[in-house]
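Below you'll find the structure, written out as structure tokens, and then a few comments.
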Amino acid sequence: MTQTAETQAWTPSQQIAPAITITPAAAKQIQRALAKRYAELFAVYLKHRDAITRVTFWGVTDGDSWLNGWPVRGRTSYPLLFDRAGKPKPAFDAVIRATEKPAFVP
């Protein structure tokens, strides 16, 4: 018996992810956007610091990120404040700048 496409069961693990190449210019743009987003988030955290006692990161460097390989196997992610070598990224600087604004009083 021959199995046709209509009778085959599909599962998410069978999804084929296309290969994506990111240019250095695009990578810089992505890091700038990440830094901007971190700055926005920390501005909100600081605004509501009376109700927020801590902010937790799931990992320290991009190499530690739980997003590597999820949800797409083999995918590499760069979501944290430090790169794979442990060096601060623009997002780290954005968080520090957000806490240095005159409105911040610990």
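Sort out which residues of segment 1-33 are surrounded by 10 or more Cβ atoms within 10 Å (Cβ to Cβ) and either more than 17 Å from the chain's Cα centre (by Cα) or modelled with pLDDT under 85 (or both), and write them in order of number. Don't jump to the end; show me each part of the working.
Our first condition is that a residue be surrounded by 10 or more Cβ atoms within 10 Å (Cβ to Cβ); within segment 1-33, this holds for 15, 17, 22, 26-33.
If the condition is that a residue be surrounded by 10 or more Cβ atoms within 10 Å (Cβ to Cβ) and either more than 17 Å from the chain's Cα centre (by Cα) or modelled with pLDDT under 85 (or both), then Gln15, Ala17, Ile22 are the ones that fit.
What number of residues in segment 50-85 are surrounded by 13 or more Cβ atoms within 10 Å (Cβ to Cβ) and over 17 Å from Leu34 (Cβ atoms)? Before you say what the answer is, go through the steps one by one.
Looking only at segment 50-85, we keep the residues that are surrounded by 13 or more Cβ atoms within 10 Å (Cβ to Cβ), and these are 59, 61-65, 67-68, 72, 76-84.
Okay, now just the ones that are also over 17 Å from Leu34 (Cβ atoms), so 72.
Count: 1.
Given the criteria modelled with pLDDT of 95 or more and surrounded by fewer than 13 Cβ atoms within 10 Å (Cβ to Cβ), does Pro88 qualify? Break it down into steps so the answer makes sense when it comes.
Numbers: modelled with pLDDT of 95 or more: yes; surrounded by fewer than 13 Cβ atoms within 10 Å (Cβ to Cβ): yes.
Judged against the criteria, Pro88 is a match.
Against the definition (in contact with a Phe, Trp or Tyr (Cβ under 7 Å, 6 or more places away or on another chain) and more than 22 Å from Thr21 (Cα to Cα)), how does Ala51 come out, yes or no? Please lay out each step first, then the result.
Working: in contact with a Phe, Trp or Tyr (Cβ under 7 Å, 6 or more places away or on another chain): no; more than 22 Å from Thr21 (Cα to Cα): yes.
No: the conditions fail for Ala51.
The rows are residues; the columns are (1) over 16 Å from Ile30 (Cβ atoms); (2) polar (S, T, N, Q); (3) in a loop (DSSP other than H, G, I, E, B).
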{"site": "Ala43", "(1), (2), (3)": "yes, no, no"}
{"site": "Phe57", "(1), (2), (3)": "yes, no, yes"}
{"site": "Leu67", "(1), (2), (3)": "no, no, yes"}
{"site": "Pro71", "(1), (2), (3)": "yes, no, yes"}
{"site": "Pro79", "(1), (2), (3)": "no, no, yes"}
{"site": "Arg97", "(1), (2), (3)": "yes, no, no"}
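Could you run through segment 66-91 and say how many residues are touching a Leu at 6+ places or on another chain (Cβ under 6 Å) and without any contact (Cβ under 8 Å) to a residue 40 or more places away in the chain?
Result for segment 66-91: 1.
Filter segment 34-81 down to residues that are at pLDDT below 90 and of a type in the set (Val, Ile, Thr), then give me how many there are.
2
The values are calculated or read from the model by the stated rules, or taken from the named source; none is laboratory data. Bear in mind that the values here come from a model prediction, so they are computed numbers and not experimental data. Methodologically, a virtual Cβ is constructed for each residue, glycine included, from the backbone with ideal geometry; neighbour enumeration extends over all protein chains shown.
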